[in-house]
């Protein structure tokens, strides 16, 4: 198996942990970020800064033109970002249709082109309630397809697929990671809102790890 891996790296805390896990596993990392027209494009600035500091090959690919086809998400359209927890029905408005299948497909193509045997992907169990393309059955089927889609088999590797964001943070803190280098909030403002599902889940993870989130919030965290 090749030591090269592609990491889908959004700039958020989950993919930040996955990226550093790959580095600490001794992998040669090719980080891949996507501009799909998301409001929280601030996360891409975080991704670029981290990769530069780590000396990791990093590409940010502009695929925002696909939003001509993928309508109806509050992350990309002029629809208000809902407040509340991921378990709430309103959070379904943050689903971008078929997003992860598209991103994984491009990451696998990139992996083949650079001779990488795996694509690291940061889905976790907290995403399962809302995002169909983060569920284990989706990841397994994508993995099956990616074994036969090219002459070279590529594995979709999701190290945190069955654990929570709290568990991911626990692992990251044990690696000594600095989460001030990440962005999670769905609103791309100067400070994190503290009210959207992404912020609430992040704050819960820090609370359950009995530590303080280093990001600044618009509300008292």
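The values are calculated or read from the model by the stated rules, or taken from the named source; none is laboratory data. On a predicted model such as this, the values are computed, not experimentally measured, just so you know. When we count neighbours, we look across all protein chains shown, and the Cβ atoms used for this are built from the backbone with ideal geometry, even at glycine.
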* Are any of the residues in the stretch 23-38 at pLDDT 95 or above, surrounded by 14 or more Cβ atoms within 10 Å (Cβ to Cβ), in a loop (DSSP other than H, G, I, E, B) and within 19 Å of the chain's Cα centre (by Cα)? -> yes
* Of the criteria (1) over 15 Å from the mean Cα position of the chain (by Cα); (2) farther than 28 Å from residue 3 by Cβ; (3) surrounded by 19 or more Cβ atoms within 10 Å (Cβ to Cβ), which one residue 211 fails -> (3)
* To do: Could you check, for the stretch 60-70, whether at least one of its residues is closer than 24 Å to residue 167 by Cβ, modelled with pLDDT under 95 and outside any strand (DSSP E or B)?
  => no
* **Per-region count, the stretch 91-104, residues modelled with pLDDT of 60 or more, assigned to a helix (DSSP H, G or I) and more than 15 Å from the chain's Cα centre (by Cα)** => 0
* If you go through the stretch 147-163 one residue at a time, do you hit one that is assigned to a helix (DSSP H, G or I), touching a helix residue (DSSP H, G or I) at 6+ places or on another chain (Cβ under 7 Å) and buried (at least 17 other Cβ atoms within 10 Å of the Cβ)? -> no
* **Selection from the stretch 186-199 of residues that are modelled with pLDDT of 90 or more and either part of a strand (DSSP E or B) or within 17 Å of the chain's Cα centre (by Cα) (or both)** => 192, 199
* To do: Only residues that are crowded, with 20+ Cβ neighbours inside 10 Å and outside any loop (DSSP other than H, G, I, E, B): list them for the stretch 1-19, please.
  => 5, 6, 7, 8, 13, 14, 15, 16, 17, 18, 19
* So how many residues does the stretch 111-162 have that are more than 24 Å from residue 27 (Cα to Cα) and touching a strand residue (DSSP E or B) at 6+ places or on another chain (Cβ under 6 Å)? -> 0
